[in-house]
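What follows is a single structure, written as structure tokens, with notes after it.
The values are calculated or read from the model by the stated rules, or taken from the named source; none is laboratory data. Computed from a prediction, not measured in an experiment: that's the story for all the values here. Neighbour counts are summed over all protein chains in view; Cβ atoms, including those assigned to glycine, are modelled from backbone coordinates with ideal geometry. Accessible surface areas use protein heavy atoms only, side chains included; no ligands, DNA or RNA. Shrake-Rupley method; radii C 1.70, N 1.55, O 1.52, S 1.80 Å.
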Amino acid sequence: MTRTVTILNGPNLNLLGKREPKIYGPDTLDDVATSCAALGKDLGIRTTLLQSNHEGQLIDWIHAARDTADGIIINPAAFTHTSVAILDALNTFDGPVLEVHISNVHQRESFRHHSYVSARANGVIAGFGVQGYELALRRMATLLA
Ligand code: DQA
């Protein structure tokens, strides 16, 4: 059975590839969408990758995922460290939630060490570059099997 996974991305990740490439690498979010779609085909998972700079939009997409997705992979970007509202939205979702950070947030400024989303996430990946999205998708396949 084909599963559906929504891959959500928070603020500034539209600039992936151009934004601080020493930290986040050269790949763009389109590259991530393409590689996840290809891997998803092998895993029997249909992926939809979305990005917004707006907290409310991300919350609306989480609510929509309640009806349309079996699992959520989310890189909340800076909202990771600030948003109780995104945590509350994720708590309304019944399926698995995996949190991805491209950089190793624990090696960076102390304000990046705390994540509100981790209280809900079934797993967290940080510091694996954009490959973290594919690793999360593989884990999601296991969780949804
Ligand atoms: C990030 C880490 C966050 O601290 C930062 O605000 C981001 C990206 C990451 O993927 O490494 O925008 O979530």
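State whether the residues of region 56-63 include one that is open to solvent by less than 50 Å² (accessible area, probe 1.4 Å), under 22 Å from Glu134 (Cβ atoms) and either within 16 Å of the ligand (Cβ to nearest atom) or of a type in the set (Lys, Arg) (or both).
yes
Yes/no matrix, rows are residues, columns are (1) touching a residue at least 24 places away in the same chain (Cβ under 8 Å); (2) over 24 Å from Tyr116 (Cα atoms):
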{"residue": "Thr2", "(1), (2)": "yes, yes"}
{"residue": "Thr6", "(1), (2)": "yes, no"}
{"residue": "Asn14", "(1), (2)": "yes, no"}
{"residue": "Pro21", "(1), (2)": "no, yes"}
{"residue": "Tyr24", "(1), (2)": "yes, no"}
{"residue": "Lys41", "(1), (2)": "no, yes"}
{"residue": "Phe93", "(1), (2)": "yes, no"}
{"residue": "Leu98", "(1), (2)": "yes, no"}
{"residue": "Val105", "(1), (2)": "yes, no"}
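When residues of region 97-111 are filtered for being open to solvent by 20 Å² or more (accessible area, probe 1.4 Å) and either assigned to a loop (DSSP other than H, G, I, E, B) or within 26 Å of Arg46 (Cα to Cα) (or both), how many remain?
3
In region 64-96, which residues are polar (S, T, N, Q), part of a helix (DSSP H, G or I) and either near the ligand (Cβ under 8 Å from one of its atoms) or open to solvent by less than 40 Å² (accessible area, probe 1.4 Å) (or both)?
If the condition is that a residue be polar (S, T, N, Q), part of a helix (DSSP H, G or I) and either near the ligand (Cβ under 8 Å from one of its atoms) or open to solvent by less than 40 Å² (accessible area, probe 1.4 Å) (or both), then Thr80 is the only one that fits.
For region 1-16: of the residues being part of a loop (DSSP other than H, G, I, E, B) and either polar (S, T, N, Q) or crowded, with 16+ Cβ neighbours inside 10 Å (or both), which is farthest from the ligand (Cβ to nearest atom)?
In this case the residue turns out to be Thr2.
If we keep just the residues of region 112-124 that are farther than 20 Å from Thr4 by Cα and more than 8 Å from the ligand (Cβ to nearest atom), which is least open to solvent (accessible area, probe 1.4 Å)?
Among them, the one singled out is Val117.
So in region 17-52, with the set limited to residues that are open to solvent by less than 70 Å² (accessible area, probe 1.4 Å) and polar (S, T, N, Q), which one is farthest from Tyr133 (Cα to Cα)?
Going through the qualifying residues, I end up with Ser52.
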